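Take a look at the structure below.
The values are calculated or read from the model by the stated rules, or taken from the named source; none is laboratory data. Predicted, not measured: the structure shown is a model, and the values here were computed from it. Positions of Cβ are generated from backbone atoms using ideal geometry, with glycine treated the same way; all protein chains shown enter the neighbour counts. When the accessible area is computed, the model is the full protein with side chains, heavy atoms only, and any ligands, DNA or RNA have been set aside. Shrake-Rupley method; radii C 1.70, N 1.55, O 1.52, S 1.80 Å.
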Number of protein chains: 2
Amino acid sequence: MTYCVAMNLRDGMVFASDSRTNAGVDHVSTFRKMHVFRRDNERFIVVLSAGNLATSQSVISLLRQRECEPERCNMLNVPSLFQAAELLGDTLREVVSRNSGQAQGSKVDFGASFIMGGQVKGESPRLFLVYPEGNFIESTEDTPYFQIGESKYGKPIIDRVLRYDTSPPQAMQCTLISFDSTLRSNLSVGLPIDLLTLRPGKFAPSRQLQVCENDSYFRTLSQRWGEGLREVFASLPLPEDETLV
Amino acid sequence: MTYCVAMNLRDGMVFASDSRTNAGVDHVSTFRKMHVFRRDNERFIVVLSAGNLATSQSVISLLRQRECEPERCNMLNVPSLFQAAELLGDTLREVVSRNSGQAQGSKVDFGASFIMGGQVKGESPRLFLVYPEGNFIESTEDTPYFQIGESKYGKPIIDRVLRYDTSPPQAMQCTLISFDSTLRSNLSVGLPIDLLTLRPGKFAPSRQLQVCENDSYFRTLSQRWGEGLREVFASLPLPEDETLV
């Protein structure tokens with residue numbers, strides 16, 4: 001399984017992905033799910049992937065291979081992020097149809113989904129969610145974030161604290177707490193977490209890091225969050241017969 | 001969808017279920033999912049259901065109908081809760097095999113799952129989770145609770161605060177917060193919530209209530225929990241360049 005989140009906020013973007021891949025619980029490996037396509041001072045595009053690893057790796061490999069073919073549309077020459085999302089969707093359809101065509105009668109799910117975001121010079125930062133069918137949606141100020149993979153455990157905290165005007169450091173904090181809840185509940189989501197933040201108009205990450213098990217900030221955050229939750233819980237009024245019919 | 005939780009703790013049991021049923025988002029109805037089988041001073045058994053409504057209703061109806069047939073095993077004469085769980089599992093298999101047999105080629109999922117718990121005189125309180133296949137597991141002191149239906153949004157809070165020695169009023173509080181998170185994130189889980197607590201050796205509920213939208217305790221709990229979470233979040237240390245590589 002996988003857990004990836006990305007946010008497109010007023011003052012910046014946050015991208016995060018775990019790095020566990022599994023085929024059953026007895027076949028667990030570490031694969032990065034964050035991929036960057038960049039051209040200095042002109043574009044910075046981040047792609048997060050979830051789903052069938054063979055599919056998502058093929059999609060990324062094809063996109064990388066075609067970077068060097070300037071005669072066709074590629075991630076480094078498309079003039080907008082919308083077109084980059086179209087390109088990703090088309091490449092995904094191409095890989096899925098090739099794999100499904102060869103696997104006659106197999107019940108394997110070849111699907112993969114992606115979050116793609118960043119900035120191409122001349123545009124504002126944009127964020128897209130690409131479905132396994134290759135179509136996609138874009139984030140808005142009302143819904144400034146997307147998740148893929150095992151999204152449910154970590155969604156309530158994001159829904160409660162994230163707004164379009166949340167600052168990027170706070171959004172990063174919120175993202176790490178969301179990961180903490182997910183890591184606790186689903187064994188198939190695992191450390192390290194790849195984290196990247198991007199400021200508008202800067203075509204390079206303002207921060208890029210990998211959060212490992214012994215990262216002291218993540219451990220502090222996780223511990224204080226857990227303690228804080230238990231304190232809030234302990235401070236809540238107990239049900240009394242009067243208050244409940 | 002559905003969300004049901006039940007806990008078997010040192011000092012009592014807690015059962016809770018929502019009451020929304022849907023077939024698509026445009027066909028939403030209210031159905032209670034908590035069913036009680038009782039015999040004064042001798043047994044009190046609570047069944048919570050999730051999954052295909054036709055299946056779960058048929059199972060409950062058959063169990064009720066057979067209550068009046070003393071010559072066969074039924075919910076009111078089986079000597080243990082384990083046998084009650086076997087009976088529920090058998091009845092579930094009977095209904096599913098009848099329905100699937102008639103619906104040739106249909107892709108409808110006829111599955112349903114159940115939580116069954118309570119006490120039969122001569123035994124301690126026991127709690128079982130009955131799978132769609134009719135087999136079942138029992139709770140333990142290490143894992144004193146079960147969930148069925150849309151369980152993910154409301155699981156992190158239970159995992160963080162619930163222990164075998166948590167008091168029943170606190171467990172009820174924890175259950176309501178777990179429901180609050182689920183209600184916020186999944187439209188197909190809806191109020192009212194049926195809640196019931198049971199003390200060991202009492203074959204009648206120590207508390208039984210329905211939490212509706214205007215329940216002042218639930219609203220206070222939900223509001224203070226949300227505020228508390230945001231306060232804890234605001235008190236967490238922000239990431240600094242020093243703390244993160």
Failed item in (1) at the interface with chain A (Cβ under 8 Å from one of its Cβ atoms); (2) part of a helix (DSSP H, G or I); (3) surrounded by fewer than 19 Cβ atoms within 10 Å (Cβ to Cβ), with residue B:238 passing the rest:
(2)
Any idea which of (1) closer than 30 Å to residue A:11 by Cα; (2) open to solvent by 60 Å² or more (accessible area, probe 1.4 Å); (3) assigned to a helix (DSSP H, G or I) is the one residue A:61 doesn't satisfy?
(1)
How many of the residues making up the range A:1-35 are open to solvent by 10 Å² or more (accessible area, probe 1.4 Å) and under 16 Å from residue A:85 (Cβ atoms)?
2
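Just name the residue that is nearest to residue A:30 (Cα to Cα) out of those in the range A:140-155 that are outside any helix (DSSP H, G or I) and within 12 Å of another protein chain (Cβ to nearest Cβ).
Step one: filter the range A:140-155 for residues outside any helix (DSSP H, G or I), giving A:140-154.
Going one step further and asking which of them are within 12 Å of another protein chain (Cβ to nearest Cβ), we end up with A:147, A:150-154.
Details: A:147: 20, A:150: 16, A:151: 19, A:152: 22, A:153: 21, A:154: 21 Å.
Going through the qualifying residues, I end up with A:150.
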Quick one: would you say residue A:93 is open to solvent by 80 Å² or more (accessible area, probe 1.4 Å), of a type outside the set (Gly, Ala, Ser) and at pLDDT 95 or above?
yes
Which residue, of B:110, B:136, B:128, is among the aromatic types (Phe, Trp, Tyr), open to solvent by less than 30 Å² (accessible area, probe 1.4 Å) and within 20 Å of residue B:35 (Cβ to Cβ)?
B:128
Looking at the range A:42-58, which of its residues are part of a loop (DSSP other than H, G, I, E, B) and modelled with pLDDT of 95 or more?
A:42
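Search the range B:188-203 for residues being in a loop (DSSP other than H, G, I, E, B) and under 18 Å from the mean Cα position of the chain (by Cα), and hand back the single one that is farthest from the other protein chains (Cβ to nearest Cβ).
Of the range B:188-203, the ones in a loop (DSSP other than H, G, I, E, B) are B:188-192, B:199-203.
Going one step further and asking which of them are under 18 Å from the mean Cα position of the chain (by Cα), we end up with B:188-192, B:199.
Working: B:188: 13, B:189: 12, B:190: 17, B:191: 14, B:192: 11, B:199: 14 Å.
Result: B:190.
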Six or more apart or on different chains, Cβ under 6 Å: which pairs go from a residue in the range A:173-186 that's surrounded by fewer than 23 Cβ atoms within 10 Å (Cβ to Cβ) to one that's of a type in the set (Lys, Arg)? Could you list them?
A:185/B:155
Checked pairs for the range A:73-86, first open to solvent by 10 Å² or more (accessible area, probe 1.4 Å), second assigned to a helix (DSSP H, G or I) and of a type outside the set (Phe, Trp, Tyr), C-beta under 6 Å and 6 or more apart or across chains, list as A:73/A:87
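For residues in the range A:211-220 being of a type in the set (S, T, N, Q) and within 7 Å of chain B (Cβ to nearest Cβ), which is farthest from residue A:32 (Cα to Cα)? Explain how you work it out, then say what you get.
Step one: filter the range A:211-220 for residues of a type in the set (S, T, N, Q), giving A:214, A:216, A:220.
Applying the additional criterion that residues be within 7 Å of chain B (Cβ to nearest Cβ) yields A:216, A:220.
Details: A:216: 21, A:220: 24 Å.
In this case the residue turns out to be A:220.
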Please work out which one of (1) more than 19 Å from the chain's Cα centre (by Cα); (2) modelled with pLDDT under 95 is the condition residue B:62 fails and give its number.
(2)
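Just checking, which of B:208, B:223 is of a type outside the set (Lys, Arg), more than 9 Å from chain A (Cβ to nearest Cβ), part of a helix (DSSP H, G or I) and surrounded by fewer than 21 Cβ atoms within 10 Å (Cβ to Cβ)? It would help to see each step written out before you state the result.
Details: B:208 fails: part of a helix (DSSP H, G or I).
After ruling out the rest, the residue left standing is B:223.
Looking at the range A:88-98, can you tell me whether even one residue there is of a type in the set (S, T, N, Q), in contact with a helix residue (DSSP H, G or I) (Cβ under 8 Å, 6 or more places away or on another chain) and not in a loop (DSSP other than H, G, I, E, B)? Spell out how you get there, then give the answer.
To start, the set of residues in the range A:88-98 that are of a type in the set (S, T, N, Q) comprises A:91, A:97.
Add one more test, that the residue is in contact with a helix residue (DSSP H, G or I) (Cβ under 8 Å, 6 or more places away or on another chain), and what stays is A:91.
Those still in the list that are not in a loop (DSSP other than H, G, I, E, B) too: A:91.
Taking every residue of the range A:88-98 in turn, at least one turns out to be of a type in the set (S, T, N, Q), in contact with a helix residue (DSSP H, G or I) (Cβ under 8 Å, 6 or more places away or on another chain) and not in a loop (DSSP other than H, G, I, E, B).
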Matching residues, the range B:156-172, being surrounded by 22 or more Cβ atoms within 10 Å (Cβ to Cβ) and facing chain A (nearest Cβ under 7 Å):
B:156, B:172
Pairs please, first residue from the range A:137-153 and under 22 Å from residue B:156 (Cβ atoms), second anywhere and open to solvent by 70 Å² or more (accessible area, probe 1.4 Å), Cβ atoms under 8 Å, 6+ apart in sequence or on different chains.
A:149/A:1; A:150/A:1; A:153/A:184
